[in-house]
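Working notes, beginning with the structure itself.
What follows is calculated from the coordinates using simple rules that are stated; it is not laboratory data. This one's a predicted model, so the numbers in the text were calculated from it and none came from an experiment. FYI the Cβ positions are ideal-geometry reconstructions off the backbone, even for glycines, and counts take in every protein chain you see.
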Amino acid sequence: MALKETIENGIKDAMRAKDADRLRALRAIKSMILLEETSGSSAGALSADAEMKILMKAAKQRKDSLEVYVAQNRTDLAEKEQVELTIIEEFLPKALTDAELTTRIAEIIVQVGASSPADMGKVMGVATKALAGLADGKAISAKVGELLKK
């Protein structure tokens, strides 16, 4: 089932259950999907990769907002963002652990033949595509930098 259909079914279920937090988060995802579908860059239905990027973008927005609200001591808004983030993460694949991320990036470094920090661009290009949805870009970048310095 496509992400859009899953989200629409989730919206119906949230409305029946009168779950306002879940409804708000799912509507935000649906809005992002509809915006992407109607933009000039895509023609109608989205690919699974495009759907994953939308979910990752939504999760990143919530994480960034959460950090700001926590820094400003706005617990009421931080709680809302945390709830939405948790709901969005239900649709994302399980994130890699630090050990799994290290192993996958080490394999990519060997695959592209990188040997120094100067090769970081080559590794990042392959790693970001291979690990899309499985790890945050910042975490990938930090781990690649760490492994290439060794």
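Here are the numbers:
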quantity: Filter result for Ala132 (of a type in the set (A, V, I, L, M) and out of contact with any helix residue (DSSP H, G or I) (no Cβ under 8 Å at 6 or more places or on another chain)); calculated: no
quantity: Residue ID - farthest from Leu3 (Cα to Cα), chosen from residues in the range 64-99 that are exposed (fewer than 14 other Cβ atoms within 10 Å of the Cβ) and among the acidic types (Asp, Glu); calculated: Asp76
quantity: Among (1) surrounded by fewer than 18 Cβ atoms within 10 Å (Cβ to Cβ); (2) in contact with a Gly (Cβ under 7 Å, 6 or more places away or on another chain), the one test that Gly145 misses; calculated: (2)
quantity: Check on Leu66, out of contact with any Lys or Arg (no Cβ under 7 Å at 6 or more places or on another chain) and either hydroxyl-bearing (Ser, Thr, Tyr) or not in a helix (DSSP H, G or I) (or both); calculated: no
